[in-house]
Amino acid sequence: MNPKRPSHLFAALLVIAWALPVWAYDPNNRAEYLAKIEEAKAYYQDKCEKVAGIKIYKTVPEVEGLLLMKIRPDRSDRQLADPMWPGAAFGGEARGDSYIRSFLGYEHRAEGSKHRGYINTDKRPGALPGYRWVEIIDPKDGHRYRYSLAYKEVTHISSMSIGGNGKPFTVKENTLVKTPSPSATPPRYAVTFEDHVIPEERALWVASSTIKVLDLKTDEVLGELTRFAISYIHLPVHSMPWLNHSICPNQNMTGDSYSTRQFADQILMPKKED
């Protein structure tokens, strides 16, 4: 037997104790768990009343395109269960190319509905158009590129799992096209976001983020949306809390995939099609 082992164990436990944040609690202790839930709800409700909200200072009609200063990056299941994940407040939003397409797609709203419609690239009668193009600075080469939609022939493989024959077939689709920007100057209007990672807030499974719409020519903020999100799953086992959360303010949307687009287009109103 090694007589030094107990002291080594005590030292290790002491280090772990010092490493724990002051707000740590035992989620397996029901009393502590329920107390933390109530603390989180009170914090979230206070922020919803005093901080969260939609502010529109100025609107611009007939906007053809804009600059996306940031893109929502792809996410993993692990991130959706991570209380410190930066993108948590917009956990359900489209990512990567889908985020870009959300600004270019058509909105399909049910007749008479008070809610915003879903967005896809299908052009149908009554659909509301998105922007003609968006521009993005590629971090790999620092160059600005323009993204737009164009009908092109796309090859797919017929899935045998749903009764297909496993063979390729070609259809015309409204696809995302990337080209170097034709303009020497960047677009006048831009959309960006800032995800807030506040440890005390995240300890309660509360996340916040702010979207801003900018006029780069006048250096004005045309509008901003500050969102708070809360997940009541404090012990995420085989779960993705940031897809099962409540948010404020309410944007009257169908789903949460197009939140940024459906805020931006209230300020920078897409140009109507001829």
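Structural remarks
- Just one of the listed residues (Ser231, Ser183) is out of contact with any strand residue (DSSP E or B) (no Cβ under 6 Å at 6 or more places or on another chain), within 27 Å of Leu128 (Cα to Cα) and among the polar types (S, T, N, Q), and it is Ser183.
- Filtering the range 68-94 to residues that are more than 17 Å from Arg227 (Cβ to Cβ) and buried (at least 20 other Cβ atoms within 10 Å of the Cβ) leaves only Leu68.
- In the range 124-145, residue surrounded by the fewest Cβ atoms within 10 Å (Cβ to Cβ) [restricted to those that are aromatic (Phe, Trp, Tyr) and part of a strand (DSSP E or B)]: Tyr145
- Number of positions in the range 65-123 that are farther than 20 Å from Asp138 by Cβ, touching a strand residue (DSSP E or B) at 6+ places or on another chain (Cβ under 8 Å) and in a helix (DSSP H, G or I): 3
- For the range 55-95, a tally of residues being closer than 30 Å to Asp274 by Cβ, modelled with pLDDT of 95 or more and under 12 Å from the mean Cα position of the chain (by Cα) returns 1.
- Criterion applied to Ser158, Ser102, Ser148, Ser181 was being surrounded by 12 or more Cβ atoms within 10 Å (Cβ to Cβ), hydroxyl-bearing (Ser, Thr, Tyr) and free of Cβ contacts under 8 Å to residues at least 24 places away in the same chain, and the one residue passing it is Ser158.
- Residue match in the range 193-205 (condition: surrounded by fewer than 10 Cβ atoms within 10 Å (Cβ to Cβ) and over 20 Å from the mean Cα position of the chain (by Cα)): no
- As a summary of the residue check, Arg132 satisfies the conditions (1) modelled with pLDDT under 95; (2) within 18 Å of Tyr189 (Cα to Cα) except for the one numbered (1).
- Of all residues in the range 250-263 being in contact with a helix residue (DSSP H, G or I) (Cβ under 7 Å, 6 or more places away or on another chain) and not in a loop (DSSP other than H, G, I, E, B), the one that is modelled with the highest pLDDT: Arg261
- Whether a residue is in contact with a helix residue (DSSP H, G or I) (Cβ under 8 Å, 6 or more places away or on another chain), hydroxyl-bearing (Ser, Thr, Tyr) and modelled with pLDDT under 95 was assessed, and Ser209 does not pass this test.
- The residue of the range 34-54 that is modelled with the lowest pLDDT, among those that are surrounded by fewer than 15 Cβ atoms within 10 Å (Cβ to Cβ) and over 28 Å from Glu224 (Cβ atoms), is Leu34.
- Every listed requirement among (1) among the hydroxyl-bearing types (Ser, Thr, Tyr); (2) part of a strand (DSSP E or B); (3) surrounded by 15 or more Cβ atoms within 10 Å (Cβ to Cβ) is met by Thr170 save one, (3).
The values are calculated or read from the model by the stated rules, or taken from the named source; none is laboratory data. Just so we're clear, the structure is a prediction, and the values are computed from it rather than from any experiment. Positions of Cβ are backbone-derived with ideal geometry, glycine not excepted, and every protein chain shown enters the neighbour counts.
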